[in-house]
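Visitor: Below is a structure I'd like to ask you about.
The numbers here are math on the coordinates, done by the rules we state, and not lab data. As the structure is a prediction and not an experimental result, all values here were calculated from the model. Every residue, glycine among them, receives a Cβ derived from its backbone with ideal geometry; neighbour counts consider all protein chains shown.
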Amino acid sequence: MPEHEPTWGDKVVQTIWRPAAIVLGVGLPITYIIYTRVIGKRFPTSGHIPPEAFTSQQYIRGRVVSVGDSDNFRLYHTPGLGWGWARRIPTTRKELTNQTIPIRLAGVDAPEGSHFGMPAQPLSSESKEFLTSMVLNRNVKVQLLSRDQYQRVVAMAYVRNPPFYRLKNVSVEMCKAGMASIYTAKGAQYAGQFEVLKQTESRAK
């Protein structure tokens, strides 16, 4: 039997639709993987974090660019890969405006510095210095728990510090050093770390 002569429709399928289907079938999954794993979706501020991220207690990573007080700092969210060499982390105040997430350490209460006409609490400067030495300009991982009335993200923070670079819970380390106590006010969140914090605080005393 003579071979079937390709029709106009056959030619369209071969030249357009088949390659398009391959591109869609292979290209879209690859693009999705690159976007989610390599590039990632960056949250510029706490207001950009969706509610479901708090519900699932999602972890995000970032660079601490400033420390405000003894129990809070600002995080520049760095999702995906390449930060520090392929992608630059801003350093100036102007570049960081509306580009950072205020983090309130979960589970602990640290001495406050002077503000609103109130004098500084005992050990406030030492506590802030301890937190600063631990997290400033370092990459941290934070577990998102909630957003407070000041639009800060209440989170459990983790950092790796020399010499052994083991992952350390910042709230636990603050208690261990006697620079913070367990936060027991209404609505306090511990992300399953209450017993650890309690034992650490007890040993520190």
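Visitor: For the range 45-106, with only Lys/Arg (+1) and Asp/Glu (-1) charged at the beta-carbon, what is the dipole magnitude about the Cα centre, in debye rounded to 20? Mind showing how you got there, number by number?
Guide: Values: 8 positive and 4 negative charges, 60 e Å.
Using Cβ point charges on Lys, Arg, Asp and Glu, the range 45-106 gives about 280 debye.
Visitor: Describe numerically, in nm with one decimal, the distance between label points set 7 Å from Cα along Cα→Cβ at residue 160 and at residue 52.
Guide: Distance between label points: 3.0 nm.
Visitor: Given 68, 98, 108, which one lies farthest toward the positive end of the charge dipole of the range 46-204, if we put +1 on the Cβ of every Lys and Arg and -1 on the Cβ of every Asp and Glu?
Guide: The one lying farthest along the dipole's positive direction is 98.
Visitor: Shifting gears a bit: Which net charge results for the neighbourhood of residue 162, defined as the other residues with beta-carbon distances under 13 angstrom from its beta-carbon, given Lys and Arg at +1 and Asp and Glu at -1? Before the final figure, lay out each step's value.
Guide: On the way: positive: 138, 160, 166, 168; negative: none.
Around residue 162, the surrounding residues sum to +4.
Visitor: Report, by chain and number, residues whose modeled amide H sits under 5 Å from the one on residue 147, excluding near sequence neighbours (fewer than 5 apart, same chain).
Guide: 154
Visitor: Related question: Quick check: Cα centre of the range 59-127 to Cα centre of the range 143-167, how many Å?
Guide: Cα centroid to Cα centroid, the span is 10 Å.
Visitor: Given H placed 1.01 Å from N in the peptide plane, which residues other than close sequence neighbours of residue 106 have an amide H under 5 Å from its amide H?
Guide: HN-HN under 5 Å from residue 106: 155, 156, 157.
Visitor: For the range 46-204, what's the relative contact order in percent, using C-alpha pairs closer than 8 Å and at least 6 residues apart? It would help to have the intermediate numbers written out before the result.
Guide: Details: 285 pairs, mean separation 40.0, N = 159.
For the range 46-204, the relative contact order is 25 percent.
Visitor: Moving on. Apply the a/c threshold of 1.5 to the C-alpha gyration tensor of the range 91-164 and tell me whether it is rounded, prolate or oblate.
Guide: Rounded.
Visitor: State the extension gain, in nm to one decimal, for the chain segment bounded by residue 199 and residue 87, taking 0.36 nm per residue of separation less the distance between their alpha-carbons.
Guide: On the way: separation 112, 0.36 × 112 = 40.32 nm, distance 4.09 nm.
Stretched out fully, the residue 199 to residue 87 stretch lengthens by 36.2 nm.
Visitor: Additional query: Order these peptides, 155-164, 170-179, by their mean beta-carbon neighbour count within 10 angstrom, highest first.
Guide: Details: 155-164: 16.1, 170-179: 21.9.
Highest to lowest by the protection proxy: 170-179, 155-164.
Visitor: Can you pull the one-decimal nm distance between simple spin-label points at residue 41 and residue 176, each 7 Å off the Cα toward Cβ?
Guide: 3.5 nm
Visitor: Name the residues whose placed amide hydrogens come within less than 5 Å of the amide hydrogen of residue 112, ignoring near sequence neighbours (fewer than 5 apart) on the same chain.
Guide: Amide H neighbours of residue 112: 121.
Visitor: Tell me the net charge near residue 102. Cut-off is 13 Å between Cβ atoms, residue 102 excluded, with +1 for each Lys or Arg and -1 for each Asp or Glu. Mind dumping the intermediate values first?
Guide: Working: positive: 74, 104, 147, 152; negative: 69, 71, 148.
Overall, the nearby charge balance is +1.
Visitor: Further, regarding this structure: At 0.36 nm per residue, minus the direct Cα-Cα distance, what do residue 136 and residue 98 gain on full extension? Give it in nm, one decimal, please.
Guide: Values: separation 38, 0.36 × 38 = 13.68 nm, distance 1.87 nm.
Here the answer is 11.8 nm.
Visitor: Enumerate the calculated ³J(HN,Hα) couplings along the range 73-87 in order (Karplus 6.51 cos²θ - 1.76 cosθ + 1.60, θ = phi - 60°), each rounded to whole Hz, writing x wherever the residue is Gly or Pro.
Guide: Couplings: 8, 10, 10, 9, 5, 10, x, x, 10, x, 6, x, 9, 8, 10 Hz.
Visitor: When the dipole is taken about the Cα centre of the range 46-204, and only Lys, Arg (+1) and Asp, Glu (-1) are charged at their Cβ, what size is it in debye, to the nearest 20? Let's see the in-between values first.
Guide: On the way: 20 positive and 12 negative charges, 128 e Å.
It works out to roughly 620 debye.
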